[in-house]
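The values are calculated or read from the model by the stated rules, or taken from the named source; none is laboratory data. These numbers were taken from a predicted model, which means no experiment stands behind them. Counting neighbours? That spans all protein chains shown, and the Cβs are built from the backbone with ideal geometry, glycine included. Just the protein is used for accessible areas: all its heavy atoms, side chains included, with ligands, DNA and RNA removed. Shrake-Rupley method; radii C 1.70, N 1.55, O 1.52, S 1.80 Å.
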Amino acid sequence: MAVYALTGFSLVSLLSFGYLSWDWMKPSLVADVATDPMEKSLPPTFTRPPHIIFILTDDQGYHDIGYHGSDIQTPTLDRLAADGVKLENYYIQPICTPSRSQLITGRYQIHTGLQHSIIRPRQPNCLPLDQVTLPQKLQEAGYSTHMVGKWHLGFYKRECLPTRRGFDTFLGSLTGNVDYYTYDNCDGPGVCGYDLHEGEDVAWDQSGKYSTFLYAQRVNKILASHSPKEPIFIYVAFQAVHTPLQSPKEYIYRYRSMGNVARRKYAAMVTCMDEAVKNITWALKKYGYYDNSVIVFSTDNGGQTFSGGSNWPLRGRKGTYWEGGVRGIGFVHSPLIKRKRRTSWALVHITDWYPTLVSLAGGNLSNVQGLDGYNVWPAISEGKESPRTEILHNIDPLYNHAKYGSLEDGFGIWNTAVQASIRVGEWKLLTGDPGYSDWIPPQTLTNFPGSWWNLERLTNGLRKSVWLFNITSDPYERYDLSEQRPDVVRSLLMRLVHYNRTAIPVRYPAENPRAHPDFNGGAWGPWASEDDGEEWEGGREPLKSRNKKKKKCKICKLRSFFRKLNTRLMSNRI
């Protein structure tokens, strides 16, 4: 495979010349004591509840926006961010379902049972039904709520659907990966179905329309039919720029000089999405919403580097707990912001949007217990200190245990074989297997032999299960300080122990053959009846319960039967 070298500079020089000259990580604007995130009234400068537009993109890499020095054209996003507040200390989750669940609930994965992997199409699993969602709280505050785009929070029964979780309307896909034109999704050989839904019905008539355009057009239609005098919340979860890499030809043509084919297609999809955001912004102005609106832009996880994305100069990629997997692109654009046109280094996490947006709406948070998010609007709008001082990236007891981890390596208080990551202040700790650990320059799909990141990965990455980084001074995670600072390692391990005591069992059930689209008219959709109980008991207990005697599984025989039946059905290519 061809390697696209940078003429005239070593990549070490590039880091020193370019990215290391950024004022990358000013001291985090954090408070010593977390303030109460629950506010019951509108901010004093707001005369009426603002319209809220939340835009979430899928698999867009940290480097893949113009103001981060990208070779991809994003003029609309650049302008909106430049006139608003750029969030440069903003964190998300490394994969799809976790980020979406934390946005919608304001809770860490360990508090919803979704701490392992994603919700797969054939799993009888969804966002816990006892969780009061962000759109439900906004409905209580008098908002009209609408969702357009990718759900990926489960659909095995109707109570799990977006229209049952707080959205007045929904147009989009329920699964995590569909064709941009045909809306087909295959969850394995022969397990294919259509996935585009209007409300709770299959939207067969929309097939053939490119999803990025379709979703922007739907937002325009919603705004045109609603009164700007009444508050509205629109959650736009673009499918872009997740695989498959598909884009209208005219956008690909703009990047014809790119030698990397995947990067060329990916760039086209990003620019197309940028123009869709331009159309949404234009509609906000045309129909009279803009002056009283708050636009939030966020990515859902790091970019997939082998599918055209780039997180340069960060380490890692989508699916990892390195900064390239969990540091997101984020900004807020609004005429209501007091201190515009600046960059914020306040520590912000995706769970913070729940209390922040409900507070902006004048909603009531006093009856919502257990939120992990904080109201960060004063930090965003006024430049005040952030109430957040730490982030639990995750504790995943089901992920493959690291070969060289042990309880002994964790000072007898934590099994370092378990995949976990936490940030407290300027320090970040990783245990277990954090995932693919290379630094991948733009347009590069192979490694650079002899480069410093390969050297670090090969010499420092073997036989390890604990890493410690000072993210303020080392945002690229080049210098592991775990051996130099065992005191900090111990302190952060104790924080993991604290969080793990609050974790609920993992929801990760076996796949159910009843979910096959052939049994549901050829489309993905609910297959369980509303009377069926939740079927996720197969997940493991939190780590603290690992050594306890397992309870007898009353449905194991039934699950075994379904698995065997599914195997037979697959072999017959149904």
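Structural remarks
- Charge dipole of the stretch 51-388 about the Cα centre (unit charges at C-beta), most positive-ward option of T169, I118, L77: L77
- Exposure check, 1.4 Å probe, all protein chains in place: F411 carries approximately 80 Å² of accessible surface.
- The protection proxy used here, the mean number of other Cβ atoms lying within 10 Å of each residue, ranks peptides 505-515, 276-286 as follows, highest first: 505-515, 276-286.
- Once the Cα-Cα distance is subtracted from the 0.36 nm per residue extended length, the S406 to F213 segment shows a gain of 64.5 nm.
- Simple label model, 7 Å out from Cα along Cβ direction - L398 to R478, nm: 3.8 nm
- The listed residues D531, D409 rank as D531, D409 when sorted by accessible area, largest first, using a 1.4 Å probe.
- The heavy atoms of E230 present about 100 square angstrom of accessible area, all protein chains included, probe 1.4 Å.
- Proximity of backbone amide H atoms, modeled 1.01 Å from N, is registered between G330 and L87 at under 5 Å, excluding neighbours fewer than 5 places apart on the same chain.
- The stretch 100-192: relative contact order as a whole-number percent, Cα under 8 Å and 6+ apart: 25 percent
- Potential lengthening of the chain between R463 and N364 amounts to 30.7 nm, from the contour at 0.36 nm per residue minus the alpha-carbon distance.
- Projecting the Cα atoms of N279, G308, I337 onto the dipole axis of the stretch 250-348, where Lys and Arg carry +1 and Asp and Glu carry -1 at the beta carbon, places I337 farthest toward the positive end.
- The alpha carbon gyration tensor of the stretch 51-388 gives principal lengths a ≥ b ≥ c with a/c below 1.5, which makes the shape rounded.
- Backbone N within the stretch 225-242 under 14 Å of label point (7 Å from D291 Cα along the Cβ vector): 228-229
- Mean shadow area of the stretch 233-297, taken as a quarter of the surface of its Cα convex hull (nm²): 5.2 nm²
- Note on exposure: R339, R485 ranked by accessible area (1.4 Å probe, complete protein assembly) read R339, R485, with the most exposed listed first.
- Dividing the radius of gyration of the alpha carbons in the stretch 279-386 by their Kirkwood radius gives 1.02 for Rg/Rh.
- Given their separation in residues at 0.36 nm each and the Cα-Cα distance between them, D201 and S227 gain 6.8 nm when the chain is fully extended.
- Dipole magnitude (debye, nearest 20) for the stretch 51-388, charges at Cβ of Lys, Arg, Asp, Glu: 640 debye
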